[in-house]
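Right, one structure below, let's go through it.
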Amino acid sequence: LPSLFPIHRVLRFAVRRPIEEVFDDLALHAAPRAQRIDEGAAVFEGDGFLASAKGRRKTGYASGTVRVWARDLVRLREVEANILRAIGDQLVREEQFTIDWHFQGGHGGLTNVSFDELADPALIDEAYPSIEGGVSALIERYLAARDTILVLQGPPGTGKTRLVRAILAAMSRRKRDSANVLYTADRRAIENDEIYVEFLTGAHDALVVEDADHLLGARANGNRDLHRFLTVADGVVQALGRKIVFTTNLHNIGDIDDALIRPGRCFAVVRTRGLSREEAIRFLEALLADRPRGATEIGERAFSSGSRTVTLAELYRAIETHGQGTHLRGEDQTWEPS
């Protein structure tokens with residue numbers, strides 16, 4: 001018997017609408033017949049196609065995935081158009097990036113989940129006073145360079161994850177499509193050859209390894225996993241222009257294996273750090289440009305404990321405590337796989 005639906009495609013979306021409204025419109029307008037499963041899940045069918053959709057609520061937007069099975073390419077394109085029209089206010093792909101999160105599953109093998117993220121507002125240079133020339137210029141130089149590796153080194157809360165997100169968003173803008181990123185923070189996944197095979201043979205634009213302290217240490221101190229990355233960073237990955245970004249809380253650059261950060265392989269080791277009182281005030285004045293009176297007051301509150309420096313995460317919490325308008329997410333953000 002011939003296949004009923006031989007064509008299959010996956011659509012991803014991220015849109016600044018509440019998730020329940022998105023799925024209301026999908027259920028009402030995307031297909032002749034729809035079954036709503038819950039707030040962010042539904043299945044559809046019509047002449048010559050089947051589809052299933054699943055979405056999740058994020059901070060300020062909704063993202064999701066729609067799988068479509070169709071009898072032919074013509075019908076597929078018609079269904080895709082109906083789905084995107086129902087979603088409404090569809091954001092261009094260069095405003096998104098796709099996180100393909102890999103971790104060790106309970107069965108002992110590698111498991112992954114994919115989801116779309118929206119680019120954040122542009123970073124404020126005052127948040128990273130140690131980056132000469134500004135954040136945007138650093139990112140553009142890195143993406144244009146042949147060097148594969150970038151290491152972001154600094155204490156928790158100093159903006160490493162936010163900087164990673166800015167890099168991924170810049171990749172999408174350069175690509176004019178959603179960058180596809182293989183991501184992990186699981187030590188067991190790094191010890192599994194599967195993840196390296198996936199990165200070398202898949203269509204990912206970048207590999208991000210967060211909290212990579214155990215991975216970056218010197219091989220002379222017993223690090224048995226670094227050699228895999230040294231192999232991956234050269235050759236095929238470099239030729240394809242893919243990037244590898246590590247974040248680490250290691251205190252000293254001397255703690256990182258020299259082979260990893262040698263010129264030609266590593267673009268830079270970027271240090272993030274806490275801000276002095278003067279730097280914090282400049283950051284707050286730039287962030288709260290429309291509310292200048294609050295900058296000094298928030299800064300003084302952030303330093304009320306007598307500390308000599310504060311992290312960006314602490315400053316964002318101080319802003320929220322002060323009640324300055326809408327919610328501001330912390331600089332060291334967490335990813336949202338659920």
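The values are calculated or read from the model by the stated rules, or taken from the named source; none is laboratory data. All values derive from a computational prediction rather than experimental measurement. A quick note on method: Cβ atoms are made from the backbone with ideal geometry, for glycine too, and the neighbour counts reach across all protein chains shown. Just the protein is used for accessible areas: all its heavy atoms, side chains included, with ligands, DNA and RNA removed. Shrake-Rupley method; radii C 1.70, N 1.55, O 1.52, S 1.80 Å.
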For this session: Report the label-to-label distance for Arg187 and Ile37 in nanometres (one decimal), using points 7 Å from each Cα along the Cα→Cβ vector.
Result: 3.6
Problem set entry | Heavy-atom accessible area per residue - the chain, 1.4 Å, Å² | 47
Exercise. According to a simple spin-label model (label point 7 Å from Cα along Cα-to-Cβ), what is the distance in nm between Arg301 and Thr111?
Worked result: 4.1
For this session: Could you check which residue among Asp257, Asp147, Asp72 shows the biggest mean-square fluctuation in a GNM of the chain with a 10 Å Cα cutoff?
Result: Asp72
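Determine the relative contact order of the chain: mean sequence separation of Cα pairs under 8 Å and six or more apart, normalised by residue count, in whole percent.
Once normalised by length, the contact order is 17 percent.
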Exercise. At a 1.4 Å probe radius, carbon and sulfur cover how many percent of the accessible area of the stretch 22-174?
Worked result: 51
Exercise. DSSP loop trypsin sites (Lys or Arg not before Pro) in the stretch 54-136 with at most 10 other Cβ atoms within 10 Å of their Cβ, which ones?
Worked result: none
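Work out the length of the dipole vector of the stretch 32-123 about its Cα centre, built from +1 on the beta-carbon of each Lys and Arg and -1 on the beta-carbon of each Asp and Glu, and round it to the nearest 20 debye. Let's see the in-between values first.
Working: 12 positive and 14 negative charges, 62 e Å.
I would put it at about 300 debye.
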Exercise. Using the Cα gyration tensor of the stretch 69-223, with a ≥ b ≥ c the square roots of its eigenvalues, what is the shape: rounded (a/c below 1.5), prolate (a/b larger than b/c) or oblate (neither)?
Worked result: oblate
Seminar exercise, completed: Taking the chain and counting helices only, DSSP H stretches of n ≥ 4 at -39,500 (n - 2.57) each over all residues, the nearest-500 ellipticity at 222 nm comes to -9500 deg cm²/dmol
Exercise. Which whole-number percent gives the relative contact order of the stretch 150-271, counting Cα pairs below 8 Å spaced six or more residues apart?
Worked result: 40
Exercise. Do any trypsin sites (Lys or Arg not before Pro) in the stretch 178-253 lie in a DSSP loop with no more than 14 other beta carbon atoms within 10 Å, and if so, which?
Worked result: Arg224
